[in-house]
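Notes follow once the structure below has been shown.
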Amino acid sequence: MLEADNITVRFGGVVAVDDVSLTVGEDEIVGLVGPNGSGKSTFLNAVTGLVRAEGTVRVDGERIRLGRQGCVSRRGVLRTFQTPQVHDELTCLENVLIGVPQRGLRSLPAAWFRRPAMARAERGRWQQAYEALAYVGLAAAQDTLAGALSYGDRRRLELARVYVGRPRLLLLDEPAAGLNQRETRGLVELLTTWRADGGPALLIVEHKIDFLESLCQRMIVLELGKQIAAGAPAQVWADPKVVDAYLGKLVIDA
């Protein structure tokens, strides 16, 4: 579904992502890992148009123009961020409602002549938002201000807003960061259920090894912006280059 070829991101004289290529199939869960500063989040920013980049991105074979926000989202590729992006002053239900697509019935003539249809469509949007909250386990918090939620529930609220967008591919940037062990297990269960229910393919940036091994069929490792390994989790963790990247050189040549 996603093909990213030779992605390079430069910030002045610093090359943050250096000629990285990867693919994500329609039914895959792929992990993107590496030490801090290895370019993982910058790679996601490049794919989603948040930073200028070189290379090629294709979704379903169609080339996407880099550096333009919204290009990939219109083709069913959505993302989350390292820090949950929620509106503290809105209720949980209102936060999710922002993500419900509005299709048609938004013109001035529709407001005058198709009011019953508009009202039905709006009730449908609120129902979709509530069902998304229920799916992530936050139905009871629908009228709670997002600012009053725990950090773990803010993560779930962000996922509920993404859920109503019906993504075909979801890019998750450190979704388990800041979660305790119980919350992390709950997130694994939620993502596994969503995928089994016909949910999106996943590209996950994360540091928690157990979390990744519970979900990913394939992993790609970056170091200093370059890809140094790829393959099944067990294969990747056994690669000496990956061990060196995380732990430093184990043997120093004389």
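Every number here is computed from the coordinates shown, using simple stated rules; none is lab data. What you see is a predicted model, and the numbers here were worked out from it, not measured in a lab. Positions of Cβ are generated from backbone atoms using ideal geometry, with glycine treated the same way; all protein chains shown enter the neighbour counts.
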In Hz, Karplus ³J(HN,Hα) per residue of segment 27-40 (6.51, -1.76, 1.60; θ = phi - 60°; x = Gly, Pro): 10, 9, 10, 10, x, 10, 10, x, x, 4, x, 8, x, 5
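Using the beta-carbon distance between ALA234 and ARG123 and R0 = 51 Å, what value does 1/(1 + (r/R0)^6) give for FRET efficiency, to the nearest 0.05?
On the way: r = 50 Å, r/R0 = 0.97.
According to the calculation, E is roughly 0.55.
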Under the rule of at least 5 residues apart or a separate chain, name every residue whose amide H is placed under 5 Å from the amide H of VAL17. VAL9
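Convex hull over the alpha-carbon atoms of segment 144-254: what's its volume per residue in Å³? Don't skip to the answer; put the middle values down first.
Numbers: hull volume 15.3 nm³, N = 111.
So the per-residue Cα hull volume is 138 Å³.
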Summed over the other residues with a beta carbon less than 12 angstrom from that of ALA148, with K and R at +1 and D and E at -1, the charge totals -3
Return the sequence-ordered ³J(HN,Hα) values of segment 77-88 in whole Hz as given by the Karplus equation 6.51 cos²θ - 1.76 cosθ + 1.60 applied to θ = phi - 60°, using x for Gly and Pro. 10, 10, 8, 10, 10, 4, 9, x, 9, 10, 9, 4
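Taking only C-alpha pairs under 8 Å that are 6+ residues apart, what is the relative contact order of the chain in percent?
Numbers: 471 pairs, mean separation 65.5, N = 254.
This gives 26 percent for the chain.
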What are the residues whose amide H is under 5 Å from the amide H of LEU32, where those residues sit 5 or more places off or on another chain and H is modelled from the backbone? ILE204, VAL205, GLU206, ILE220
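Determine, from the Cβ-Cβ distance of SER150 and ASP197 and an R0 of 35 Å, the FRET efficiency 1/(1 + (r/R0)^6), rounded to the nearest 0.05. Each step should come with its number before you reach the end.
Values: r = 25 Å, r/R0 = 0.72.
The pair SER150/ASP197 has a calculated efficiency of 0.90.
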State the extension gain, in nm to one decimal, for the chain segment bounded by ASP18 and LYS226, taking 0.36 nm per residue of separation less the distance between their alpha-carbons. 74.4 nm
In 10 Å bins starting at 0, how do the alpha-carbon pair distances of segment 139-191 split up by percent? 21, 54, 25, 0
Does anyone have the angle between helix 115-135 and the longest principal axis of the chain? Alpha-carbon axes, 0 to 90°, nearest 10? 40
So how many Å³ per residue does the convex hull of the Cα atoms of the chain work out to? 153
PRE zone check, label point 7 Å out along Cα-to-Cβ of GLU89, amide N under 19 Å, scope segment 126-152, hits 143-149
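Considering only DSSP beta bridges with both partners in the chain, what is the antiparallel share in %, to the nearest 5?
Numbers: 21 of 37 bridges.
Antiparallel bridges make up about 55 percent of those DSSP assigns within the chain.
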Give me the Debye-computed log₁₀ of I(q)/I(0) at q = 0.11, 0.12, 0.15, 0.19 Å⁻¹ for segment 1-107, equal point scatterers on Cα only, no solvent, two decimals. -0.43, -0.51, -0.75, -1.05
